[in-house]
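Contents: one structure, followed by commentary.
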Amino acid sequence: MSRPRTVPAVVHLRAPGTAAGASFLFALARTVFLLALVSVVVFTSTELLPGDAADLRATPGADQDQVRALRDELGLNAAPWRRYLDWAAALLTGDLGTSLVNGRPVADALAQRLPATLTVVGGALAVAAPTSVALAWWAGGSGRAKRVSTALLTGGAALPTAVTAAILVTVFSGALGLVPPVSLLPPGAEPWQHPELLFLPVMALALPTAFYGASLLAGAVSDTMCLPHVADARRRGVPPWRIAATDVLPFLLAPFTRVTAVTGGGLIAAAALVETLFGYPGIGSLLVSSIASRDLPVVQATAVLAAAVVLIGLLAGDLVAALTEPRRRWLA
Amino acid sequence: MNRRAAVRLASLSVPLLAAGVLAVALFGQGWAPNSPTAPLGAPWQGPSPGLPLGTDALGRDVWSRVLAGGGGLLGVSMTAAVCACVIGTVGGLVAGWFGGLTSRSLTAAADLLLALPSLLFALVVAVALPWYTAVIIATVCGGAPLTLRVVRDAVRAARTSGYVEAALLRGEATASILGREVLPAMRGLVTADLGLRLVVALQVASALSVLGLGAAPPAPDWALMLRENMTGVAINPWAVAAPAVALGITTVLLALLAQICLTADRTSRVRDHDPALKEPADG
């Protein structure tokens with residue numbers, strides 16, 4: 001038994017036997033369609049809130065006529081689909097709107113916080129990718145301890161990110177006192193100037209991702225180990241490291257790319273959690289705080305951008321996987 | 001103890017442990033020695049007699065709050081998991097039985113939903129709707145597609161099996177074959193799947209609570225406790241460690257239980273020579 005049968009479905013999105021070109025066009029169409037769908041969901045979700053921008057912006061004590069005039073001025077009386085199209089068109093041309101809370105352009109707020117999020121997500125990916133390969137190698141290749149390794153990966157992937165973060169804080173900050181429990185950046189400082197503040201957020205993001213990625217990859221590793229040419233090389237007495245480098249790893253490149261794309265998408269969502277928990281000033285904590293304060297333009301722009309990054313990552317992963325996949329027709 | 005006995009012990013102890021943990025999580029409120037919401041001492045007090053895990057940020061009893069803090073989280077997650085599993089199973093039954101265009105369009109719709117992380121879904125929906133609705137929608141969107149795929153494959157394989165052909169020859173109606181022949185044969189698979197959905201639902205629900213978008217203070221809630229007590233971790237680490245361990249043990253045991261159900265399901269298929277078998281179970 002390798003993995004729950006539900007899992008590889010995420011990894012092998014491409015139907016076996018489809019040509020790479022057609023499959024890429026299909027994936028591109030899927031990305032565009034999903035992005036449009038996300039924008040509709042985001043817009044509808046924010047529309048469902050009682051009250052609108054005119055109520056929020058009107059000076060306190062303004063009477064109904066003034067609010068109505070403001071509503072006209074802001075174009076809020078138009079049909080919902082009309083306002084959706086206007087909003088989406090503005091978004092596409094790079095106009096992300098202004099914050100309802102502080103009146104600053106949303107694009108400025110995002111640009112200011114982008115480096116912090118990139119640092120922490122990039123760091124997490126750099127830790128998680130090699131760790132997940134190592135874990136998958138151990139779980140997919142081990143013969144006798146297979147049940148133990150499978151149980152460990154299943155358990156590790158099930159642990160909520162918040163729990164991992166709490167355990168890390170309790171150990172490294174509470175018990176050992178090595179790093180501060182919150183990662184507030186001093187004003188004007190760049191995140192990479194304070195590695196001690198990055199440790200907890202990066203590890204809290206990387207560990208669950210590594211386990212989840214490994215649990216997705218372990219099946220591919222154990223499948224590859226069973227391929228005829230690997231068994232053949234083993235019988236010929238080729239040293240294990242050479243089998244790993246020339247016979248196994250090339251076959252893992254495509255699944256690895258897809259898994260990285262899928263887990264990378266999860267990382268972007270999890271960054272919202274980890275940044276908020278550690279008080280780290282990134283885009284994720286901006287999204288959460290603007291959801292809490294109902295700052296709709298910020299929520300809309302941030303959510304659509306996050307979804308776009310996730311979907312483009314998946315698309316890139318699909319493309320790279322299609323290009324690097326060795327001919328494995330005999331597997332089907 | 002030989003290896004086989006160790007494996008049997010492990011696969012027996014996980015369900016028992018999981019049942020115990022679920023019982024404590026769901027009904028622990030009744031066993032709490034103190035009020036989970038009333039301040040009983042100074043903030044961040046260490047363990048002392050009567051307060052086995054000390055106090056939290058507002059001086060409330062951590063032990064009572066841990067006992068009371070799983071019910072709401074599990075209730076919401078279970079509702080969400082059942083919704084996802086039912087929708088996915090019905091979709092999978094239809095897709096697997098009718099095949100062709102029905103199957104392709106259902107699978108395509110499911111794959112579309114899979115592309116986005118559940119947590120992002122939940123965050124967007126939580127803008128306007130109550131948090132439990134957000135958890136349910138996110139779990140259904142992120143989980144039902146996976147259930148659909150698993151059930152579809154199993155149904156497709158079961159279509160050609162002896163008991164289904166016998167029912168077809170008896171002239172039974174499709175709905176009755178699916179409900180009385182196919183579905184009971186897949187109960188192990190669907191139970192395991194429900195467990196996996198529950199784990200994801202717990203992850204989403206706890207994430208929303210940690211972000212302050214879920215259960216409202218002063219409600220005792222494991223995830224909310226993590227958020228409230230993070231800053232005092234150096235003074236009373238139990239206030240963070242206890243809810244973290246409770247939530248962690250619950251999710252890990254549920255995931256292991258689902259894994260065991262899957263293995264048992266596959267083993268029984270090998271024994272019965274069921275044609276629905278696709279992968280051999282390991283020894």
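Centroid-to-centroid, using Cα positions, region B:6-26 and region B:29-65 are 28 Å apart. In this Cβ point-charge picture (+1 for Lys and Arg, -1 for Asp and Glu), region A:199-317 has a dipole of about 340 debye about its Cα centre. The Cβ shell under 10 Å around B:GLY188 holds other residues with a net charge of +1, Lys and Arg each +1, Asp and Glu each -1.
Charging the Cβ of each Asp and Glu at -1 and of each Lys and Arg at +1, and nothing else, the dipole of the protein assembly as shown about its Cα centre rounds to 2380 debye. Around the amide H of A:SER183, modelled in the peptide plane, lie the amide H atoms of A:GLY279, A:TYR280, all under 5 Å away and 5 or more residues distant in sequence or on another chain.
GNM on chain A, alpha-carbon springs under 10 angstrom: the most fluctuating residue among A:ALA128, A:ALA111, A:ALA36 is A:ALA111.
For chain B, what relative contact order do you get, as a whole percent, if you take Cα pairs closer than 8 Å and at least 6 residues apart? Present the calculation step by step, with values, prior to reporting the outcome.
Numbers: 431 pairs, mean separation 65.7, N = 283.
Relative contact order here is 23 percent.
With θ taken as phi - 60° and the Karplus curve 6.51 cos²θ - 1.76 cosθ + 1.60 applied, the whole-hertz 3J(HN,Hα) list for region A:292-298 is 5, 8, 6, 7, 4, x, 5 Hz, x standing for glycine and proline.
Tell me, what is the percent relative contact order of region B:1-91, built from C-alpha pairs under 8 Å that lie six or more residues apart?
Relative contact order for region B:1-91 comes out at 26 percent.
Within 13 Å, Cβ to Cβ, of B:ALA173, how many net charges do the neighbouring residues add up to if Lys/Arg are +1 and Asp/Glu are -1? Summing Lys/Arg as +1 and Asp/Glu as -1 gives 0. Considering amide H positions built from the backbone, and no H for Pro or chain starts, which residues 5 or more places from A:THR98, or on another chain, come under 5 Å of its amide H? The list, which skips near neighbours in sequence, is A:VAL106.
In the elastic network of chain A, a GNM with C-alpha springs shorter than 10 Å, the most mobile of A:ALA270, A:ALA210, A:ALA126 is A:ALA126. The amide H of B:ARG60, built 1.01 Å from its N in the peptide plane, has B:LEU40 as neighbours under 5 Å, considering only residues 5 or more places off or on other chains. If you model region A:277-321 as an ellipsoid using its alpha carbon gyration tensor, with each semi-axis the square root of five times an eigenvalue, the axes come out at 26, 13, 5 Å, biggest first.
Stokes-Einstein at 25 °C, 0.890 mPa s, Kirkwood radius from Cα pairs: D for the protein assembly as shown in µm² s⁻¹? Kindly include the intermediate steps, with their values, before the conclusion.
Working: Rh = 26.0 Å.
Estimated via Stokes-Einstein, D reaches 95 µm²/s.
Which is the longest run of chain B containing none of the trypsin sites (Lys or Arg not before Pro) found in DSSP loop states (not H, G, I, E, B) with at most 14 other C-beta atoms within 10 Å? Walk me through the numbers on the way to the answer.
Values: sites that count: B:ARG170, B:LYS278.
In chain B, the maximal stretch lacking such sites is B:1-169.
Rounded to the nearest 20 debye, the dipole magnitude of region A:134-253 is 640 debye, with +1 charges on Lys and Arg beta carbons, -1 on Asp and Glu beta carbons, and the Cα centre as origin. GNM remark for chain B: springs join alpha carbons under 10 Å apart, and the peak mean-square fluctuation among B:GLY20, B:GLY214, B:GLY162 falls on B:GLY162. Rounded to the nearest whole Hz, the Karplus-based 3J(HN,Hα) values (6.51 cos²θ - 1.76 cosθ + 1.60, θ = phi - 60°) of region A:250-256 follow the sequence x, 6, 8, 4, 5, x, 4, with x at glycine and proline.
What is the sum of charges, Lys and Arg at +1 and Asp and Glu at -1, for the other residues whose Cβ falls under 12 Å from the Cβ of A:ALA107? Could the numbers behind the result be given before it?
On the way: positive: A:ARG104, A:ARG113; negative: A:ASP95, A:ASP108.
Within the 12 Å Cβ shell, the charges total 0.
Whole-Hz Karplus values for region A:72-79 come out as 4, 4, 7, x, 7, 8, 5, 4 Hz, taken residue by residue from phi with 6.51 cos²θ - 1.76 cosθ + 1.60 and θ = phi - 60°; glycine and proline positions read x. Classified by the C-alpha gyration tensor, region B:124-197 has a prolate form. Its axis ratio a/c, with a ≥ b ≥ c, is 1.5 or above, and a/b is larger than b/c. Dipole of region A:223-332 (Lys/Arg Cβ +1, Asp/Glu Cβ -1, origin at the Cα centre): which of A:THR324, A:ALA245, A:GLY266 lies farthest to the positive side? Of the candidates, A:ALA245 comes out farthest on the positive side.
What is chain A's relative contact order, in percent, from Cα pairs under 8 angstrom and six or more apart in sequence?
Working: 357 pairs, mean separation 87.7, N = 332.
That works out to 26 percent.
When the Cα positions of B:PHE121, B:GLY195, B:VAL135 are compared along the charge dipole of chain B, B:GLY195 comes out farthest toward the positive end, with charges on each C-beta of Lys, Arg, Asp and Glu.
Throughout, read-outs are computed from the coordinates displayed, never taken from laboratory work. Quick caveat, the model's predicted, so the values are computed rather than measured. All Cβ positions, glycine included, derive from the backbone under ideal geometry; neighbour counts span all protein chains shown.
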